[in-house]
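Scroll down for the structure; my scribbles are underneath it.
The values are calculated or read from the model by the stated rules, or taken from the named source; none is laboratory data. Keep in mind the model is a prediction, meaning the values are calculated, not measured. In this analysis, Cβ positions are derived from the backbone assuming ideal geometry, glycine residues included, and neighbour counts consider all displayed protein chains.
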Amino acid sequence: MAINSGAFMVSSFWFTEEPSYSIFVTIGYVALTFALTGFLFAMEQILPYRTRHIFSILGLISAFVTIIAPYSWYEIIALLIALLALVGIMFFLRHAFQNTIGDVRRNVKFVVTGFLIAWVGFLGRSDYTYNNIGETMYSIGTLLLVIGGIIFGLALIYSVALDELDWRTQLVSLYAIQEGGLLVFHHEFGCKKQIEDH
């Protein structure tokens, strides 16, 4: 997304003549489709649904079509990949709400909120918005994109679940309990002193 914004700024302020303008606009749109494809790929790793990577594959196809497509197609391709990303975040939201509680669910709400704000901002700063609604909506869209990205990033950084990913240092004890309450196996992964120091 940073490359996308950078390429659009360069094409708008410095390289405004052809063919440089078209080259940087193309780079911006390709970067956008790759960014959303990366997001879709991450969603597919999290979700238990058998997507067969259809979201990621469609994202990659969109990126390569953008390279060879005429300029008039760029807005349509960008809108389609944005809608695909919205479907991905809705699947993620559904799965997360069904399988989380407490602090983790609250964190998921922040992740989704950040994404949706950024998504609305993305639509607001599109060429279509600029050409048909004007600079004010474009500026608001840019602001929303930045705010949404910050919320999304902070939600991921301060996620209560991230520490648990490093299970080698977080796992304290393992219990295997038979149905009925009989303990059949127990293993300690660290001594009490190490746990208290941590």
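Figures for the structure shown
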item: So residue 175, is it over 25 Å from residue 55 (Cα atoms), loosely packed, with under 10 Cβ neighbours inside 10 Å, hydroxyl-bearing (Ser, Thr, Tyr) and modelled with pLDDT of 75 or more; result: yes
item: Criterion violated by residue 1 - all others in (1) touching a helix residue (DSSP H, G or I) at 6+ places or on another chain (Cβ under 6 Å); (2) modelled with pLDDT of 80 or more satisfied; result: (2)
item: Answer residue from segment 101-118, given it is within 19 Å of the chain's Cα centre (by Cα) and not hydrophobic (A, V, I, L, M, F, W, C) and is nearest to residue 158 (Cα to Cα) among those; result: 107
item: Residues of segment 1-52 satisfying the condition of being of a type in the set (Phe, Trp, Tyr) and either surrounded by fewer than 16 Cβ atoms within 10 Å (Cβ to Cβ) or in the same structural domain as residue 118 (by TED's automatic domain parsing) (or both); result: 13, 14, 49
item: Residue selected from segment 119-142 under the condition more than 21 Å from the chain's Cα centre (by Cα) and of a type in the set (Gly, Ala, Ser), by the criterion surrounded by the most Cβ atoms within 10 Å (Cβ to Cβ); result: 139
item: Extreme residue, farthest from residue 48 (Cα to Cα), among residues of segment 108-148 that are at pLDDT 80 or above and of a type in the set (S, T, N, Q); result: 136
item: Residues that are within 22 Å of residue 61 (Cα to Cα) and not assigned by TED's automatic domain parsing to the domain that holds residue 29, drawn from segment 84-127; result: 119, 122, 123, 126, 127
item: Residue count, segment 13-60 (criterion: within 20 Å of the chain's Cα centre (by Cα), modelled with pLDDT of 80 or more and outside any helix (DSSP H, G or I)); result: 2
